[in-house]
Amino acid sequence: MSRIAARFKTLAAQGRGALIPYLEAFDPDLETSLALLKAMPAAGADLIEVGMPFSDPSADGPIIQLAAIRGLKAGASVAGVLEMIAAFRKEDQETPIILMGYLNPVEAYGHARFCADAAKAGVDGLILVDLPPEEADILEQPAQDAGLDIIRLVAPTTPDERLRYVLSHASGFVYYVSITGITGTRTASAAELQSALARIRAATDLPVAIGFGIRTPEQAATAAGIADGAVVASALLATLAETLDSTGKATDQTLPRVLGQIETLAAAVRAGEKKAG
Amino acid sequence: MADQAERHSTQAAHPNSLRHGPDARGHFGGLYGGRFVAETLMPLLLELNEAYEAAKADPAFHKELAFYLRDYVGRPSPLWFARRMTEELGGAKLYMKREELNHTGSHKLNNVMGQILLARRMGRTRIVAETGAGQHGVATATVCALFGMKCVVYMGATDVERQKPNVFRMRLLGAEVVPVTSGAGTLKDAMNEAMRDWVANVADTYFLVGTVAGPHPYPAMVRDFQSVIGEETREQMLAQEGRLPDVIVAAIGGGSNAMGIFHPFLDDASVRLIGVEAAGCGLDSGRTAASIERGRPGVLHGNRTYLLQNADGQIEEAHSISAGLDYPGVGPEHSWLSDIGRAEYVGATDDEALQAFQLCTRTEGIIPALESAHAIAHAAKIAPTLPKETLLVINISGRGDKDIFTVAEHLGVKL
């Protein structure tokens, strides 16, 4: 069983959803982001999404755009991101790592080489924002050969018929983009999430995580209660950005503030589930 | 009769035609193009494709478009024999396809007119567009004024600065112009921001793409709407010279004016097609916009195509004196035409474009857009090397009034 499947199974047995925090690799530098990554599981991360910086993140809002720019400035490369995951994996064999990014850096690295090296580094799943199932044939076989899940995005605009098509190309879990918009902007209501989840569950047995627009502990608890997991990205990156000094360097506040926020989110997700259960 | 047969061959669907692309997935030659977008946009692209296919098959749509092209855009545009430039250069016989005479001053309105009619058919009420030089933005703002639709134009902050007349025009026309400060503040960044707007406002918004790039069906649809340039050129040249042109030269940023004039000639092997990219400070200067000559295939803004990028797949900033060519990518059909050798792609530098700008103005009394000046620059380079009977068409894609400030600055003149 893959790390992703095992983790969701364990959480289901515990009767709660997953907290899935996001960090941008090399933001604001390799050392800080690796330290953050390593400390995330203890702070309550059940799975972790690691963003691969790209120069033109056209589905992302300003907060993730700035994080990507900081990462690139700090020298992020595909190879560098994979080395960072490998360093994490030496110490943590359990926590699933999902790489999230855009297709072009992966193409430049080579589809098959990327999948093989990512799996070797300890990556469990891939989310490529601009690779819809229509174009995914270039990556599906190498990912499968390497044992990587391709996590599919599903949006409020995805009609039922298309939902079945998209999900036929999904593995690992399903990422529900809860708003029509870019990351870190609006937030969907609990009622909207409930009806969307009913629609998705009718089409798949895979676990479902909700992302885009989840900022507060309450929102995370609601999403993780309705679905199987909640992704929090922009809110954490905004906190990280606040702690940087005027030259954009990490300070002694950077790790504690971000990790503290993850702890609060994790506590809410865990407590929320008890109430629901 | 020969004319009739020639004309007929442009619509011919012979099995080896180069004019069949793209395939159902939007791929040209199996590799370029496609639909590389977030899932939120996929259902919209599928809907757009269906709506466009339905419009294409509907004679009423073509009738409506023809009406607006004739009575509002001012088509057909003339094919002008450039006598003095021909004499001065002493070689090929130079013709100019006068797209700068269209309403709003460029070829952009051909495409915009087609897409706005489509947006209306689809019941959309809000239009977003990206623009570089502002020509596409002005054209879009114009049709939005014509049909009373809400218009938001994203424009890089750098371009807002260097294309002030067009910014003012757009605002007069009722459009909201949003300066984009991310990246270098040019067309690439405007495109990112327009896509973000579209993703956030899918219900009522139509994304009116200005060039033959972006996710399928945009490259094919914009090409189809721009093909009127090549179709007219073909008829006009047959009428004036009794035969097809030998060489066609057009400037390439995204490549819509070039695709429009090339496409009806793709199956006429005798017609040399030359796309002129903006070499900026020189092809090997590191400050260029020549994506085909100095880039390699990759994925950006919804399509796979030649891109200026580093070894790690990060997109590089383009550079050109011309805001309309200042883009690190190119339409995917051009990438394919380059790979199969059907069209040639060359570069013209900022300086060469400036010289051509003056040459055209001085000899023909036509002030060309700096974009078009790149095509003129290359035509001026090769014309003296070609026999006098060679028929060479330059696509004058836009007029240069918008560029006089930039040109004056480079010539050291204070306005």
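Structure above, values below:
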read-out: Residue under evaluation residue B:199, criteria (1) more than 18 Å from the chain's Cα centre (by Cα); (2) away from chain A (no Cβ under 14 Å), criterion not met; value: (2)
read-out: Whichever residue in region A:105-122 is in contact with a Lys or Arg (Cβ under 9 Å, 6 or more places away or on another chain) and farther than 22 Å from residue A:3 by Cβ and, among such residues, is nearest to the other protein chains (Cβ to nearest Cβ); value: A:108
read-out: Residue in region B:128-140 that is within 14 Å of another protein chain (Cβ to nearest Cβ) and touching a residue at least 40 places away in the same chain (Cβ under 8 Å) present; value: yes
read-out: Members of region B:76-94 found to be under 21 Å from residue B:239 (Cα atoms) and open to solvent by less than 10 Å² (accessible area, probe 1.4 Å), listed by number; value: B:77, B:82, B:92, B:94
read-out: Output for region B:351-382, where each listed residue is touching a strand residue (DSSP E or B) at 6+ places or on another chain (Cβ under 7 Å) and buried (at least 23 other Cβ atoms within 10 Å of the Cβ); value: B:357, B:360, B:368, B:369, B:371, B:372, B:374, B:375, B:376, B:377, B:378, B:379
read-out: Flag for residue B:214 being assigned to a loop (DSSP other than H, G, I, E, B), at positive phi and within 12 Å of chain A (Cβ to nearest Cβ); value: yes
read-out: Only listed residue being touching a His at 6+ places or on another chain (Cβ under 9 Å) and away from chain B (no Cβ under 14 Å), chosen from A:133, A:207, A:142; value: A:142
read-out: Within region B:126-190, strands (runs of 3 or more DSSP E) holding 2 or more residues that are open to solvent by less than 10 Å² (accessible area, probe 1.4 Å) and closer than 26 Å to residue A:72 by Cα; value: B:150-156
read-out: Residues of region B:102-125 classified as more than 17 Å from residue B:205 (Cα to Cα), touching a residue at least 40 places away in the same chain (Cβ under 8 Å) and surrounded by fewer than 24 Cβ atoms within 10 Å (Cβ to Cβ), total; value: 1
read-out: Residues that are closer than 30 Å to residue B:301 by Cβ, open to solvent by less than 10 Å² (accessible area, probe 1.4 Å) and not polar (S, T, N, Q), drawn from region A:84-104; value: A:84, A:85, A:97, A:98, A:99, A:101, A:103
read-out: Scope region A:200-216; condition open to solvent by less than 70 Å² (accessible area, probe 1.4 Å) and part of a helix (DSSP H, G or I); matching residues; value: A:200
read-out: Of all residues in region A:170-188 being open to solvent by 50 Å² or more (accessible area, probe 1.4 Å) and of a type outside the set (D, E, K, R), the one that is farthest from the other protein chains (Cβ to nearest Cβ); value: A:187
read-out: Residue in region B:274-299 that is farthest from the other protein chains (Cβ to nearest Cβ), counting only those that are within 18 Å of the chain's Cα centre (by Cα), crowded, with 24+ Cβ neighbours inside 10 Å and of a type in the set (A, V, I, L, M); value: B:276
read-out: Residue A:185 vs. criteria among the polar types (S, T, N, Q), farther than 30 Å from residue A:87 by Cβ and modelled with pLDDT of 95 or more; value: no
read-out: Checklist (1) open to solvent by 10 Å² or more (accessible area, probe 1.4 Å); (2) modelled with pLDDT of 95 or more applied to residue A:4, failing item; value: (1)
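The values are calculated or read from the model by the stated rules, or taken from the named source; none is laboratory data. Note that the structure is a prediction, hence the values are computed from the model and not measured. Note: ideal-geometry Cβ built from the backbone for every residue, glycine included; neighbour counts use all protein chains shown. These accessible areas exclude ligands, DNA and RNA; they are computed on the full protein's heavy atoms, side chains included. Shrake-Rupley method; radii C 1.70, N 1.55, O 1.52, S 1.80 Å.
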